[in-house]
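Working notes, structure below.
The values are calculated or read from the model by the stated rules, or taken from the named source; none is laboratory data. These figures come from a predicted structure and were not determined experimentally. Using ideal geometry, Cβ is built from the backbone for each residue, glycine included, and neighbour counts are taken over all protein chains shown.
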Amino acid sequence: IVDEGPVAKWHKSVCRYCGTGCGVMLGMNKDKKLVRIRGDQEAHNKGVICIKGSTLDKMMANREQRLTKPMIRKEGKLVEASWDDAMTLITNKFKEAIAASGPESVGYYGSGQLYAEESYTANKLFKAGIQSNNVDGNPRLCMASAAVGYTQTFGKDEPPGAYEDIDHAECFFLIGSNTYECHPPLFERIMIRKKSNPKVKIIVIDPRRTKTAEHADLHLAVIPGTDLLLLNSMLYTLIEMGLYDNEFVNEHINFNDGKQNVSFEDYKKFLADYKPEDIAEELGVSAREIRRAAYMFGNSKATMSLWTMGINQRIQGVFLNNTLNSMHLVTGHINRPGATPLSLTGQCNACGGVRDTGSLSHMLPNGRLIAKEQHRNEMEELWGVKKGTINPKPGYDAINMFKAMVEDKLKCCLVMCTNPAQSVPNADYYREGMEKCFLVVADVFETETTKLADVVLPAALYIEKEGVYGQTERRYQLIEKLIDPPGEARSDLEILGEFAERMGYGGLIKARTPHDVWEEYRELSSHSKYNFKGITYERLKEERGIQWPCPSEDHPGTVRRYTEGDPFVPKGKKHYFYGKPDGKAVVFLRPYIKTKEQLSEQRPLFLTTGRVISQWHTGTMTRLVDELKNSSGDACLVLHPEDALKLGLKEGDMAKIDSSRGEMMGKVKISENETPGVVFAAFYDPNFLVNKVVSDDYDPVSKEPAYKVTAVSVSKSLPL
Ligand code: SF4
């Protein structure tokens, strides 16, 4: 509680941090200062918020550390400058690079924390104005595999189900998700459901005994990198036990081997290689446990899967997502209350802001692809630019964008609201690129990335500006402006508007207020099946978010897609996957391939990275709040006691961590909850920059890096 007097007025809003998208109530005092925060009882989270959300007011009250004036690097140092000087320098540099090396020499790296209106505007400016498809952002690092997985399986991105399904599920399959720490209100909702019905079971698949795993009825601590073996083996077992839905399989599924449709019999033959007894050893769990997991999954009345980075940040991230979706299709655990595959989101607006606006290097708004001529033509017409304006070649995805900086191919880059110098894997290598490139960073506090920038622009934060977030379950929610930004800070939309004007695209970027951009974008959405034309600011000011599709202002929104109630499902059809030409979803035959990161004598441990409950992302905001800092402490390398004993390490020792990408030092923590052979580190602490040693290999289709599996050696670091 910020001690600045009593609350004069409560305002409905949304938490600034994770993709749970909790509704919050913000208490403002008579001087219009934010002094209290509590969960919104009427929102989907029913008043529950986590430790991070409940200290948002403290983070917002920290104005001493805010960036309040533009800064330009002169003789190696960042010095204060006027907005005019900063914007003149940026525009000149971008124009020079384009004149010398073409529009592909400039780019934009955005964030799942910008408002939808901001990402939409940046995407339009770069792709339809500057003619550079080098538009990517941090959602590439956390959910690109889920987006591709959904699109390939159902023909459209974004989850079919909703949080509401938690209240109806009888089995929860949590894979690669530490829900307890990363999405606490959702985990609490799962536990409430479990307490209300003794039949409810929780299965957790995670190499670590996380807080989530502690609450499981069945925890399978699989060897990092092997869980596609498990999913295929569970599918084998489900079919072997007869726990599949024959009618659903016959009427609503096509089986596909990646090239052509095949039969259900072919699929069974493919799965024959994944008999539990044959793969259990490589997976690191017993055949009996695999069969038990499959039985629990298939035998429940309604099974809900929830997953995040443990599945997405993998070399086979897309295959894992496809196969998880397949488990729901084959068993018919889909399109009814409690039965759904729901991929959870790390950032507040990665779904609505980046995936749906198409602000990735291969995409255009509302599920369109750069590579498809018809999609480019549609967007050129909708944006009112000449046919052929949009470059048909996709731009650089995140990793290749930073690589292009290293190779001096990307000369200028505008980074907004994110901290890649801390969050990219193989960080030292790509930081070198960030130093070479003319880097413009708009942010709110100093970060590892602003330290490398040539120009730093002070940005407005959260309720200092207005805009829409779209969270995990396709729910759009409005954040209204309640306070002014400090000093000379400006909203990212204002920055983009001025940049567009100075670059000569003021006519293209005509909408300059959040409301006007939203009006343009919601109209545009009506030309697609991501239709949210009915979601207006006026409605969002009154309602607790609305789930799309929502084609008209009298439409209530859609809780579950592809079934009755979805406006795009033809009348009389119970299931219809309208993203596919024949309305059938696709079950792909997805073979397991060993990850490149394998253990060896030289590197005998797997390193996996993740989050802790009281810190968020790279910690740029949450590390500034005392309660959160005290709760998390500094980041450490966490080892099982057996490994610590073997390595001669004890709690508090300094250790050297070495991978094929580099080495770093870090303090050791010992925990029984780690699995022998697996070490863990959180990535929120710039003084423990674990991404220096994390592998930057990525999924070949989603281009999402495989943060979860890196082979390392750990040794005691001797004092000099
Ligand atoms: Fe905010 Fe996420 Fe915590 Fe909800 S769960 S309060 S959205 S950080």
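Conditions (1) within 21 Å of Leu599 (Cα to Cα); (2) among the hydrophobic types (A, V, I, L, M, F, W, C); (3) touching a Cys at 6+ places or on another chain (Cβ under 9 Å), marked per residue:
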position: Asp634; (1), (2), (3): no, no, no
position: Leu647; (1), (2), (3): yes, yes, no
position: Leu689; (1), (2), (3): no, yes, no
position: Ala711; (1), (2), (3): yes, yes, no
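Residues in the range 675-684 that are among the aromatic types (Phe, Trp, Tyr) and in a strand (DSSP E or B): 1 in all. Mind checking which helices (runs of 4 or more DSSP H) fall wholly inside the range 120-239 and carry at least 2 residues that are of a type in the set (Ser, Thr, Tyr)? Output list reads 144-154, 179-182. Restricting attention to the range 164-192, the residues that are buried (at least 24 other Cβ atoms within 10 Å of the Cβ), aromatic (Phe, Trp, Tyr) and under 26 Å from Gln41 (Cα atoms) add up to 2.
Checking each residue in the range 468-501 for being crowded, with 17+ Cβ neighbours inside 10 Å and within 24 Å of Phe94 (Cα to Cα) picks out Ala489, Arg490, Ser491, Asp492, Leu493, Glu494, Ile495, Leu496, Gly497, Glu498, Phe499, Ala500. Among the residues examined, Val318 does not qualify as farther than 18 Å from Ser145 by Cα, at pLDDT 95 or above and assigned to a helix (DSSP H, G or I). Go through the residues of the range 335-347 one by one and say whether even a single one is in a strand (DSSP E or B) and surrounded by fewer than 24 Cβ atoms within 10 Å (Cβ to Cβ). Yes: one or more hits. Tallying residues that are crowded, with 20+ Cβ neighbours inside 10 Å, in contact (Cβ under 8 Å) with a residue 24 or more places away in the chain and out of contact with any Gly (no Cβ under 6 Å at 6 or more places or on another chain) within the range 29-43 yields 1. Give the residues of the range 19-45 that are small (Gly, Ala, Ser), part of a strand (DSSP E or B) and either within 8 Å of the ligand (Cβ to nearest atom) or under 20 Å from Arg474 (Cβ atoms) (or both), sorted by residue number. If the condition is that a residue be small (Gly, Ala, Ser), part of a strand (DSSP E or B) and either within 8 Å of the ligand (Cβ to nearest atom) or under 20 Å from Arg474 (Cβ atoms) (or both), then Gly23, Gly39 are the ones that fit. Residues that are away from the ligand (no atom under 15 Å from the Cβ) and over 30 Å from the mean Cα position of the chain (by Cα) are absent from the range 11-18.
Take the conditions (1) surrounded by fewer than 24 Cβ atoms within 10 Å (Cβ to Cβ); (2) more than 16 Å from the ligand (Cβ to nearest atom); Ile51 misses just one of them, which is (2).
Just checking, does the range 613-621 include any residue being closer than 30 Å to His252 by Cα and in contact with a Lys or Arg (Cβ under 8 Å, 6 or more places away or on another chain)?
No, every residue in the range 613-621 fails to be closer than 30 Å to His252 by Cα and in contact with a Lys or Arg (Cβ under 8 Å, 6 or more places away or on another chain).
Identification of strands (runs of 3 or more DSSP E) wholly contained in the range 535-648 with 2 or more residues that are not aliphatic (A, V, I, L, M) yields 605-610. Among the residues of the range 268-295, those identified as under 30 Å from Tyr578 (Cα atoms) and more than 31 Å from the chain's Cα centre (by Cα) are Lys268, Lys269, Phe270. Within the range 549-556, can one find any residue that is of a type in the set (S, T, N, Q) and within 24 Å of the chain's Cα centre (by Cα)? No.
Yes/no per residue for (1) in contact with a Gly (Cβ under 8 Å, 6 or more places away or on another chain); (2) not acidic (Asp, Glu); (3) not in a strand (DSSP E or B):
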| position | (1), (2), (3) |
| --- | --- |
| Lys650 | no, yes, yes |
| Ser660 | no, yes, yes |
| Met664 | no, yes, no |
| Asn673 | no, yes, yes |
| Pro686 | yes, yes, yes |
| Asp696 | no, no, yes |
| Ser702 | yes, yes, yes |
| Lys708 | yes, yes, yes |
| Val712 | no, yes, no |
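If I filter the range 383-394 for residues that are farther than 18 Å from Ile130 by Cβ and not in a loop (DSSP other than H, G, I, E, B), do I get at least one hit? Scanning the range 383-394 turns up no residue that is farther than 18 Å from Ile130 by Cβ and not in a loop (DSSP other than H, G, I, E, B). Asn691 meets each of the listed conditions (1) under 30 Å from Asn400 (Cβ atoms); (2) surrounded by fewer than 17 Cβ atoms within 10 Å (Cβ to Cβ) apart from (2). Cβ separations smaller than 6 Å between residues 6+ apart or across chains give the following pairs from the range 266-277 residues that are without any contact (Cβ under 8 Å) to a residue 24 or more places away in the chain to residues that are surrounded by 14 or more Cβ atoms within 10 Å (Cβ to Cβ): Glu277/Ala287. Applying the set (1) of a type in the set (Phe, Trp, Tyr); (2) within 23 Å of Phe683 (Cα to Cα); (3) away from the ligand (no atom under 16 Å from the Cβ) to Tyr150 leaves exactly one unmet item: (2).
Counting only strands (runs of 3 or more DSSP E) that fall entirely inside the range 435-512 and contain at least 3 residues that are more than 16 Å from the ligand (Cβ to nearest atom) and at pLDDT 95 or above, the qualifying elements are 438-443, 455-458.
Within the range 193-202, restricting attention to residues that are closer than 28 Å to Cys348 by Cβ and touching a helix residue (DSSP H, G or I) at 6+ places or on another chain (Cβ under 8 Å), the residue that is farthest from the ligand (Cβ to nearest atom) is Ile202. Against the test of being of a type outside the set (Asp, Glu), touching a Leu at 6+ places or on another chain (Cβ under 9 Å) and either within 18 Å of Ile670 (Cβ to Cβ) or crowded, with 21+ Cβ neighbours inside 10 Å (or both), the options Gly619, Gly610, Gly648, Gly633 yield a single qualifying residue, Gly619.
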